[in-house]
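The values are calculated or read from the model by the stated rules, or taken from the named source; none is laboratory data. Remember, predicted model here, so these are calculated numbers, not experimental data. Cβ placement follows ideal geometry from the backbone for every residue including glycine, while neighbour counts extend to all protein chains displayed.
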Amino acid sequence: MVAFTHVLDKDLKVFNVAIDKEYETKNMVIEISAAGKQNYLTYYSTNLKVQVIENYGELKVTDEEGKPLSKVYVKAFAKY
């Protein structure tokens, strides 16, 4: 696990973080936390684009250009 802390300027709209070379080919879950709030981003080291729209229960998988794929295998789990 890699963690770091950075103090942001209140006027800053975008903050980019470089990913170390050793992690570029790994799947990751990135956690961002501030002011008592947490958000998670899943990073997949593939040529596929995966978009999760949680509010609608939608998962969209496309190629790098956003074109639909003819065959995609998706395995989903739910915890109640």
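Quick look at the values:
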| quantity | calculated |
| --- | --- |
| Boolean, Thr62 is at pLDDT below 85 and at negative phi | no |
| Some residue of the range 2-16 being touching a Ser or Thr at 6+ places or on another chain (Cβ under 8 Å) and of a type in the set (Lys, Arg) | no |
| Long-range neighbours under 7 Å by Cβ, at least six apart or interchain, first residue closer than 22 Å to Ser45 by Cα within the range 5-22, second among the aliphatic types (A, V, I, L, M) | Phe15/Leu8 |
| Identity of the residue in the range 34-61, exposed (fewer than 10 other Cβ atoms within 10 Å of the Cβ) and hydroxyl-bearing (Ser, Thr, Tyr), that ends up nearest to Val2 (Cα to Cα) | Tyr40 |
| Extreme residue, nearest to Asp63 (Cα to Cα), among residues of the range 31-40 that are in a strand (DSSP E or B) and at pLDDT 85 or above | Tyr40 |
| Filter result for Leu69 (of a type outside the set (Ser, Thr, Tyr), out of contact with any helix residue (DSSP H, G or I) (no Cβ under 8 Å at 6 or more places or on another chain) and within 20 Å of Ile30 (Cα to Cα)) | no |
| Filter result (farther than 16 Å from Ala76 by Cβ and either in a loop (DSSP other than H, G, I, E, B) or hydroxyl-bearing (Ser, Thr, Tyr) (or both)) within the range 49-63 | Thr62, Asp63 |
